[in-house]
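Undergrad: The structure is given below, and queries will be raised subsequently.
The values are calculated or read from the model by the stated rules, or taken from the named source; none is laboratory data. The structure displayed is predicted, hence computed values, not measured ones. For neighbour counting, all protein chains shown are included, and Cβ atoms are generated from backbone atoms with ideal geometry for every residue, glycine included.
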Amino acid sequence: MPTHVRPTRRSVLAGLTALAAAPLLLGPARALTSAEATGLVQQVATEITRIINSGQSESAMIRDFDRLMGRYADMPTIAQSVLGPPARSASAAQLSAFSEAFRGYMARKYGRRFREFIGGTVTVQGAQDTGRYVEVISVVTKRGEAPFEVRFRVWDRSGRPLFIDMLIEGISLVISERSEVGSILDRNGGSIDATIQALRSLG
């Protein structure tokens with residue numbers, strides 16, 4: 001029977017945009033503008049809101065969220081970053097399979113709690129160009145809870161703006177998920193193939 005991993009309150013929002021990648025993994029991106037990065041954040045927030053308020057079944061929302069991640073997240077970078085050092089010895093086929101499995105895991109893990117964000121908002125307050133990526137600063141409000149800051153990191157290394165990481169009150173999603181995946185790797189004796197199979201049943 002699949003195991004449901006219950007995210008924390010703050011990690012749930014992180015999963016909504018599925019932003020995970022290490023900015024230092026690859027070289028500098030081209031000159032992405034703050035306006036482009038901000039536009040991406042606003043577009044994703046709009047689509048997330050549509051999914052949450054669509055009235056669809058949980059399985060349909062998870063399916064739409066999975067598609068959204070494929071459209072707006074740099075999944076190959078996500079896979080290598082979250083997998084960590086083992087990615088260096090993984091084959092191209094393993095990296096591709098891990099990327100697909102991790103994407104599905106994230107969609108299930110966070111998509112199951114979408115309804116908790118009905119009525120919530122994401123307000124963009126500004127953006128900072130770090131030279132390697134653009135960090136879009138926003139404030140998230142959720143009914144019944146205090147607002148909190150979320151910083152979205154965006155680059156266009158692949159040729160178009162995509163998410164590479166996000167920080168929720170200073171906590172990086174990529175670091176959190178790398179720790180989760182590292183534990184799964186350990187439980188499977190360091191086997192990437194076994195970890196891929198495990199991810200397909202988790203979330």
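Undergrad: Out of all the residues in region 91-103, which are of a type in the set (Gly, Ala, Ser), buried (at least 18 other Cβ atoms within 10 Å of the Cβ) and out of contact with any Leu (no Cβ under 7 Å at 6 or more places or on another chain)?
TA: ALA97, SER99
Undergrad: I'm trying to understand the selection: among the residues of region 139-179, which are of a type in the set (Asp, Glu) and crowded, with 19+ Cβ neighbours inside 10 Å?
TA: Residues satisfying the conditions are ASP156, ASP165, GLU177.
Undergrad: Can I ask one more? Quick one: would you say ALA127 is surrounded by 16 or more Cβ atoms within 10 Å (Cβ to Cβ), assigned to a helix (DSSP H, G or I) and small (Gly, Ala, Ser)?
TA: So ALA127 fails the test.
Undergrad: If only one of ARG132, ARG115, ARG103 is in a loop (DSSP other than H, G, I, E, B) and in contact (Cβ under 8 Å) with a residue 40 or more places away in the chain, which one is it?
TA: Exactly one residue qualifies, and that residue is ARG132.
Undergrad: Mind checking which residues of region 162-203 are farther than 30 Å from THR130 by Cα, among the polar types (S, T, N, Q) and either under 18 Å from the mean Cα position of the chain (by Cα) or modelled with pLDDT of 95 or more (or both)?
TA: Residues satisfying the conditions are SER183, ASN188, SER191, THR195, GLN197.
Undergrad: Right, another one. Please go through region 149-172 and give me each residue that is in contact (Cβ under 8 Å) with a residue 40 or more places away in the chain, under 16 Å from LEU40 (Cβ atoms) and not basic (Lys, Arg), ordered by number.
TA: VAL150, PHE152, VAL154, TRP155, ASP156, SER158, PRO161, LEU162, PHE163, ILE164, ASP165, MET166
Undergrad: Let me ask something else. VAL136 versus (1) crowded, with 22+ Cβ neighbours inside 10 Å; (2) closer than 19 Å to MET75 by Cα: which is the lone unmet condition?
TA: Against the list (1) crowded, with 22+ Cβ neighbours inside 10 Å; (2) closer than 19 Å to MET75 by Cα, VAL136 comes up short only on (2).
Undergrad: If you check ALA146, ALA127, ALA92, ALA87, which single one turns out to be on the phi < 0 side of the Ramachandran plot, in contact (Cβ under 8 Å) with a residue 60 or more places away in the chain and of a type in the set (A, V, I, L, M)?
TA: Residue meeting the stated conditions: ALA127.
Undergrad: Please tell me if PHE152 is part of a strand (DSSP E or B) and under 24 Å from GLY203 (Cβ atoms).
TA: yes
Undergrad: Kindly indicate which of THR17, THR49, THR38 is of a type in the set (S, T, N, Q) and modelled with pLDDT of 85 or more.
TA: The unique qualifying residue is THR38.
Undergrad: Still on this structure, I have one more. Do you know which residues across region 48-83 are surrounded by 14 or more Cβ atoms within 10 Å (Cβ to Cβ) and over 25 Å from SER96 (Cβ atoms)?
TA: Within region 48-83, ILE48, THR49, ILE51, ILE52, GLN56, MET61 qualify.
Undergrad: Before we move on, is ALA194 surrounded by 17 or more Cβ atoms within 10 Å (Cβ to Cβ) and in a helix (DSSP H, G or I)?
TA: Considered against the rule, which asks whether it is surrounded by 17 or more Cβ atoms within 10 Å (Cβ to Cβ) and in a helix (DSSP H, G or I), ALA194 comes out as no.
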